[in-house]
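K.L.:
This is the structure I want to talk about, given as structure tokens.
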Amino acid sequence: MRGAATVGRVNESWSARTRAILAGRPDAGDGNPANAPLVPASALGLEYSREVGTPTWAAFEEAVGALEGGTATAYASGMATATAVLDLLPAGATIAVPVYSYAGTRGAFDHAQERGKLTVRRIEPTDTDAWIAAAGEVDVLWLESPTNPTLDVMDLDAILRAAGSGDRKPLTVVDNTFATPIGQQPLGMGADVVVHSVTKFIGGHSDLLLGVAVTARDDLSTSLREARTRTGTTPGALEAWLALRGLRTLGVRLAEASKTASLLAERLAAHPAVVRVRYPGSGAMVSFDLADADAAERLCANLKLIHNATSLGGVESTIERRAHLPGDSHVPAGLLRLSVGLEDPEDLWRDVSAVLDG
Ligand SMILES: *Cc1c(COP(=O)(O)O)cnc(C)c1O
């Protein structure tokens with residue numbers, strides 16, 4: 001890509017945390033900036049940035065690609081990324097989607113189905129046998145693990161192995177937003193495409209919308225770039241720059257938030273007001289069920305520290321009762337999705353337990 005001010009400085013032996021800090025930086029050298037520059041430009045000479053990208057997008061893409069093990073293409077949001085993937089599918093394609101998964105992507109697939117463009121099949125996230133059977137019958141497996149907001153863990157290894165070894169070879173896409181590229185790298189398990197809502201953990205500061213798709217297949221990488229050009233789902237310069245800055249601290253943010261999340265999950269599980277805790281054992285998301293919608297809304301309304309707000313993955317903890325959204329009305333009414341931030345764990349627990357005890 002023209003104007004890409006970065007070089008491949010990633011050593012194969014480095015861990016994801018180290019890669020997140022060093023990938024996508026300009027060449028070290030006298031006079032070179034330490035960080036990729038913020039370049040707001042629609043044209044680069046005779047080339048147009050919607051088609052060729054910009055040095056800021058390229059730096060961000062290089063860094064995410066180095067973490068996931070493929071070539072990355074950045075988009076305006078997580079939904080813009082899903083739109084670009086949808087743009088690659090032939091009319092009438094059949095897509096298998098988890099019953100519980102991000103409401104926005106499920107909504108987009110339903111919308112396409114209502115217009116005759118797509119046939120959607122819904123599968124329980126943890127019904128691995130049903131996923132393996134679907135791998136022989138559908139054109140696309142859209143996987144998400146852990147799922148938003150139920151935190152179900154799908155058996156990605158088994159499903160991707162079945163998809164790759166059968167005759168049909170459906171396109172396999174993994175929404176890796178909740179695990180983050182540090183938590184798991186699905187391309188290494190055989191996924192064709194990994195997508196992220198960069199808005200969440202990679203950005204990490206609730207100050208941007210951005211998405212990214214990563215693939216190790218050259219044909220798909222070319223198609224995903226072309227889809228961005230065609231659909232105009234291009235990222236903003238500032239957003240790509242901020243997301244790269246956010247990515248630098250993903251490792252420490254995730255490690256710290258995971259420690260706090262596992263402590264909170266343990267204490268929530270021991271509290272008599274909590275019906276069920278959904279915690280996959282690592283990561284910064286904890287969902288838990290209270291008796292009903294009223295109890296859940298009461299908790300949200302009385303917290304002093306944790307924001308009752310949508311979205312997730314920021315340095316500040318946020319909580320939301322998801323069943324209030326039309327797209328998530330099928331999740332338990334008392335289910336709360338807690339995104340654990342970087343506050344003092346004891347402050348967070350005092351905030352939650354004061355209301356639960358009352
Ligand atoms: C938020 C989210 C998306 C959509 O991303 P946007 O950046 O909001 O467009 C997709 N998948 C998951 C799992 C999400 O949490």
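No value in this document is a laboratory result; all are computed from the given coordinates. Fair warning: this is a prediction, and the values are worked out from it, not measured in the lab. Ideal geometry is used to build each Cβ from the backbone, glycine not excepted, and the neighbour counts take in all protein chains shown.
K.L.:
Remind me, relative contact order of segment 1-107 in percent, using alpha carbon pairs under 8 angstrom and six or more residues apart?
P.N.:
Relative CO of segment 1-107 lands at 25 percent.
K.L.:
For the chain, what does the helix formula give at 222 nm: sum of -39500 (n - 2.57) over DSSP H segments with n ≥ 4, over the residue count, nearest 500 deg cm²/dmol?
P.N.:
Numbers: 13 runs with 138 residues, N = 358.
After summing the helix terms and dividing by the residues of the chain, the value is -11500 deg cm²/dmol.
K.L.:
Compute a Gaussian network model of the chain, connecting alpha carbons closer than 10 Å, and tell me which residue from 155, 207, 328 fluctuates the most.
P.N.:
207
K.L.:
Something else: In whole Å, how far is the Cα centre of segment 92-118 from that of segment 19-67?
P.N.:
34 Å
K.L.:
While we're looking at this one, here's another question. Placing unit charges on C-beta atoms (Lys and Arg positive, Asp and Glu negative, everything else neutral), compute the dipole magnitude of the chain about its Cα centre in debye, rounded to 20.
P.N.:
Taking the Cα centre of the chain as origin, the dipole is about 400 debye.
K.L.:
Hey, another quick one. Report the residues of segment 163-206 in range of a label on residue 89: point 7 Å along Cα→C-beta, backbone N strictly under 12 Å from it.
P.N.:
Zone members listed by number: 171-173.
K.L.:
Turning to a different aspect of this structure: Can you give me the C-alpha center-to-center distance between segment 295-358 and segment 203-249, rounded to a whole angstrom?
P.N.:
Computed from Cα coordinates, the inter-centre distance equals 29 Å.
K.L.:
What distance in nm separates the two pseudo spin-label positions at residue 43 and residue 113, each 7 Å out from Cα along the beta-carbon direction?
P.N.:
4.6 nm
K.L.:
Which lysines, if any, have their Cα less than 28 Å from the Cα of residue 304, not counting same-chain residues under 8 positions apart?
P.N.:
List returned: 200, 259.
K.L.:
Quote the relative contact order of segment 69-167 in percent (integer), defining contacts as alpha-carbon pairs under 8 Å separated by 6+ residues. Show your work: numbers first, answer last.
P.N.:
On the way: 122 pairs, mean separation 27.8, N = 99.
Averaging sequence separation for qualifying contacts and normalising by length gives 28 percent for segment 69-167.
K.L.:
At q = 0.11 Å⁻¹, what base-10 log of I(q)/I(0) does the Debye formula yield for the chain when every alpha carbon is treated as an equal point scatterer in vacuo?
P.N.:
Treating every Cα as an identical point scatterer, log10 I(q)/I(0) equals -0.74.
K.L.:
For an R0 of 30 angstrom, estimate the FRET efficiency from the Cβ-Cβ distance between residue 205 and residue 167 and round to the nearest 0.05.
P.N.:
For residue 205 and residue 167, the calculated efficiency is 0.10.
K.L.:
To continue, here is another question. Among the trypsin sites (Lys or Arg not before Pro) within segment 252-358, which fall in a DSSP loop and have no more than 10 other Cβ atoms within 10 Å of their own Cβ?
P.N.:
On the way: sites: 253, 259, 267, 276, 278, 298, 304, 321, 322, 337, 350; in loops: 304.
Answer in residue order: 304.
K.L.:
Can you work out the FRET efficiency for the pair residue 129 and residue 34, with r the C-beta to C-beta distance and R0 = 35 Å, to the nearest 0.05?
P.N.:
0.10
K.L.:
What share of all Cα pairs of segment 242-356, in percent, falls into each consecutive 5 Å distance bin?
P.N.:
With a bin width of 5 Å, the distribution comes to 2, 13, 22, 26, 19, 10, 5, 2, 0.
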